[in-house]
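For reference, the structure is listed below as structure tokens.
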Ligand SMILES: [Cu+2]
């Protein structure tokens, strides 16, 4: 090998090393865009197995898990502020829209991402008639994703519904 060939080889090797090193260093910045969509899905944490707060259905009207009741809520506080004790009015209908009166309703909930429950023990304190129920004693002391669950029994039918809330910080 003469010296000119050596120079060309060394220049080529150094250039390749610099390009590869540069690409690796810039991967965190540009990487996901160049990768296969399935890969970038995993990188973003949006794979079907990991439900994140951004995927949540936060609607205030939902069907119960087995489809027995259509349930909606109105919060006394809208938006819900941190640390404020307040009440909701829960409205319960049959799946075909008839108000459900005289239901027995239990309240539960918590923060799924933190593994803790509600800081208070909210209860249905009044059957307001026409399918409306007063839920007293709700409080959310942390910002983030909360679940509020209602177990509803009426005319021998029991079903559950979960509402997702993102309470601001
Ligand atoms: Cu928490």
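No lab work stands behind these numbers, since they all come straight from the coordinates. It should be emphasised that the depicted structure is a prediction, and the values quoted were computed from it without experimental measurement. Cβ sites come from the backbone with ideal geometry, for glycine too, and all protein chains shown count toward neighbours.
Can you put 91, 86 in order of Cβ neighbours within 10 angstrom, beginning with the fewest?
86, 91
Given a Förster radius of 45 Å and the C-beta distance between residue 95 and residue 116 as r, what FRET efficiency does 1/(1 + (r/R0)^6) yield to the nearest 0.05?
Once rounded, the FRET efficiency stands at 0.85.
What is the distance, in nm, between label points placed 7 Å from the Cα along the Cα-to-Cβ direction at residue 4 and at residue 74?
A separation of 8.9 nm, rounded to one decimal place.
Using Cα pairs closer than 8 Å and at least 6 residues apart in sequence, work out the relative contact order for the stretch 50-168, in percent.
Computed value for the stretch 50-168: 30 percent relative contact order.
With labels modelled as points extended 7 Å from the Cα through the Cβ direction, what inter-label distance (nm, one decimal) is found for residue 149 paired with residue 17?
5.9 nm
Roughly what would the spin-label model give for residue 123 and residue 160, points 7 Å off Cα along C-beta, in nm?
Placing both labels 7 Å beyond Cα along the Cβ direction yields 2.2 nm.
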